[in-house]
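To start, the structure under review is shown below, and the notes come after it.
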Amino acid sequence: MVSKEDVMKVLRECYDPEIGISVVDLGLIYDVKVDGDKVHIKMTLTTPGCPMHSFMVNDVQNKVKSLKGVKDVKIDLVWDPPWVPDRMPKEVRKKLGL
């Protein structure tokens, strides 16, 4: 059975293609729940008008679904609470010059 840690590990391979930083390091993943062969992810994007919206959501879905034992992936894209740069670790903010 897949674990939350397995899901988080594969999410570290999902990058915002505009800046090359993972959705985990950007602080876009709000919650991950695993229930047997089902994974539910609550995430956001840096802005509601993100031009990479479809790409990033599809990448997350496809990579998580590729995990052995995962049959269904549900992604809830939420805007509350809104994403802020403080959700990123200090070293990532520094890398981005923030």
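Here are a few things to note about the model shown:
- Any hit, the range 52-62, residues being within 15 Å of MET88 (Cα to Cα) and polar (S, T, N, Q): no
- Checking each residue in the range 32-48 for being in a strand (DSSP E or B) and surrounded by 13 or more Cβ atoms within 10 Å (Cβ to Cβ) picks out VAL32, VAL34, LYS38, VAL39, HIS40, ILE41, LYS42, MET43.
- The range 1-31, residues that are of a type in the set (A, V, I, L, M), part of a strand (DSSP E or B) and over 9 Å from the mean Cα position of the chain (by Cα): ILE21
- Any hit, the range 49-64, residues being part of a strand (DSSP E or B) and either without any contact (Cβ under 8 Å) to a residue 40 or more places away in the chain or among the charged types (D, E, K, R) (or both): no
- Filter pass, VAL70 being outside any loop (DSSP other than H, G, I, E, B) and surrounded by 12 or more Cβ atoms within 10 Å (Cβ to Cβ): no
- In the range 1-21, the residues that are in contact (Cβ under 8 Å) with a residue 12 or more places away in the chain form Cβ pairs under 9 Å with partners that are basic (Lys, Arg), at six or more places apart or across chains, as follows: VAL2/LYS68; LYS4/LYS33; ASP6/LYS68; VAL10/LYS63; LEU11/LYS63; GLU13/LYS63; CYS14/LYS63; ILE21/LYS95.
Every number here is computed from the coordinates shown, using simple stated rules; none is lab data. No experiment lies behind these values; they were computed from the predicted model shown. Using ideal geometry, Cβ is built from the backbone for each residue, glycine included, and neighbour counts are taken over all protein chains shown.
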